[in-house]
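Encoded as structure tokens, the structure appears first; notes follow it.
The values are calculated or read from the model by the stated rules, or taken from the named source; none is laboratory data. Please read all numbers here as calculations on a predicted model, not as lab measurements. Don't worry about glycine lacking a Cβ; one is built from the backbone with ideal geometry, like all the others, and counts go over all protein chains shown.
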Amino acid sequence: MALPSSTSSASAGAPFERAALVHHTGASLASRLPAPGWRTRFAPAPTGYLHLGHVVNAVFVWGIARAFGGRVLLRLEDHDVSRCRPEYEAALLDDLDWLGFVPDESPTRCFRVGTTPHRQSDNARAYERALAQLDAAGLVYPCTCSRRDILALTGPVDPGVEPRYPGTCRRAHHAPDRTVARRVRLDDTVVHFHDLRRGAQQQQPAAECGDVLVRDRHGQWTYQFAVVVDDLAQGIDVIIRGEDLLASTGRQLLLAASLGRTAPPRLLHHPLLTHADGRKLSKSAGDTGVRELRAAGWRADALIGEAAYRAGLLASPRAVAAREVAALFAHTG
Ligand code: GLU
Ligand code: ZN
């Protein structure tokens, strides 16, 4: 199976050239990273199969870690139990293994024998404790709003865009047993942070997204909360992820600070792959699924090279084995 036209879809946002990385950081990546031994994570959600977008993320995560003395932790982000399936988790671990990306820490060893903090569905007690800590600080309140209630106040938003929470229940003071849904108040501060690729960033989460939902009406922990608790508990120093999560970063930094995180993580948001018509790759797209491409005869090194090329890390596609991805970053300084 051929991948959809490489040339047209290579331009996912600004092409990511080595020169651009140097330009954006203003110094070598190495000098912006912690001393060797730092930790990052590869954190897929087992809500579908791995696709080429995940391979791009793995190239950045393992490439930067291997080039600059980092360790990679594998975390299964299955907080949304309604959408996760054991067969996706098994496939994800198998595809990662086939690609050759080996984590330094992973849940796979205890995969069949018990729980692991590296799988979010095993982590409810950590989330409970973190929520209790924020509650004791007076930052938590019950929220009875449905998405429809929120949209009725904010007006319609484009598909995929989350509406800003207007703060209805912050003022309503509901009794805690009205609902299990909880929000955390955010200070009305401007958050400044440095992105290792995009440079200085500034966000105002209270104005942009409003108070953060940390547990929903079904009792499920939200991505925004689980990821912050885990990154703190698991000592993640560097977060390397796609640009679709850039808008979440400010609120995550505020939440982390409320939970007592004193040294914020370093951050790098990399380009996303899109289809030629601008649609983001999705797990359901099928056309870039690692499973399908494997079945169609693609070799792992060819697929990694294709991902690196599409992300702007190579001038033209060529085979790159997982153990070679450090070389894609080692010369940026
Ligand atoms: N689990 C998220 C995803 O699959 C990544 C979370 C993160 O890197 O913060 O997109
Ligand atoms: Zn509410």
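Hey, could you check the stretch 131-152 for residues that are in contact with a Lys or Arg (Cβ under 6 Å, 6 or more places away or on another chain) and either among the hydrophobic types (A, V, I, L, M, F, W, C) or away from ligand 2 (no atom under 13 Å from the Cβ) (or both) and say which is nearest to Leu186 (Cα to Cα)?
Within the stretch 131-152, the match that is nearest to Leu186 (Cα to Cα) is Leu139.
For residues in the stretch 235-255 being more than 12 Å from ligand 1 (Cβ to nearest atom) and farther than 19 Å from Ala207 by Cβ, which is farthest from the chain's Cα centre (by Cα)?
Gly235
Is it the case that the stretch 50-61 has a residue that's at pLDDT 60 or above, among the β-branched types (Val, Ile, Thr) and more than 14 Å from ligand 1 (Cβ to nearest atom)?
yes
Among the residues of the stretch 40-57, which ones are part of a helix (DSSP H, G or I) and either out of contact with any helix residue (DSSP H, G or I) (no Cβ under 7 Å at 6 or more places or on another chain) or free of Cβ contacts under 8 Å to residues at least 12 places away in the same chain (or both)?
Hits for the stretch 40-57 are Gly53, His54, Asn57.
Which helices (runs of 4 or more DSSP H) does the stretch 153-235 wholly contain that include 1 or more residues that are away from ligand 2 (no atom under 14 Å from the Cβ) and either buried (at least 17 other Cβ atoms within 10 Å of the Cβ) or at pLDDT 95 or above (or both)?
205-208, 223-233
Quick check: anything in the stretch 102-114 in contact with a helix residue (DSSP H, G or I) (Cβ under 8 Å, 6 or more places away or on another chain) and within 14 Å of ligand 1 (Cβ to nearest atom)?
no
What number of residues in the stretch 138-169 are of a type in the set (D, E, K, R) and within 16 Å of ligand 1 (Cβ to nearest atom)?
Within the stretch 138-169, the first condition is being of a type in the set (D, E, K, R), and the residues that meet it are 147-149, 158, 162, 164.
Pick out the ones that are also within 16 Å of ligand 1 (Cβ to nearest atom) and you get 162.
Within the stretch 138-169, residues that are of a type in the set (D, E, K, R) and within 16 Å of ligand 1 (Cβ to nearest atom) number 1.
If Leu253 meets every condition in (1) closer than 26 Å to Arg83 by Cα; (2) away from ligand 2 (no atom under 16 Å from the Cβ) apart from one, which number is that one?
(1)
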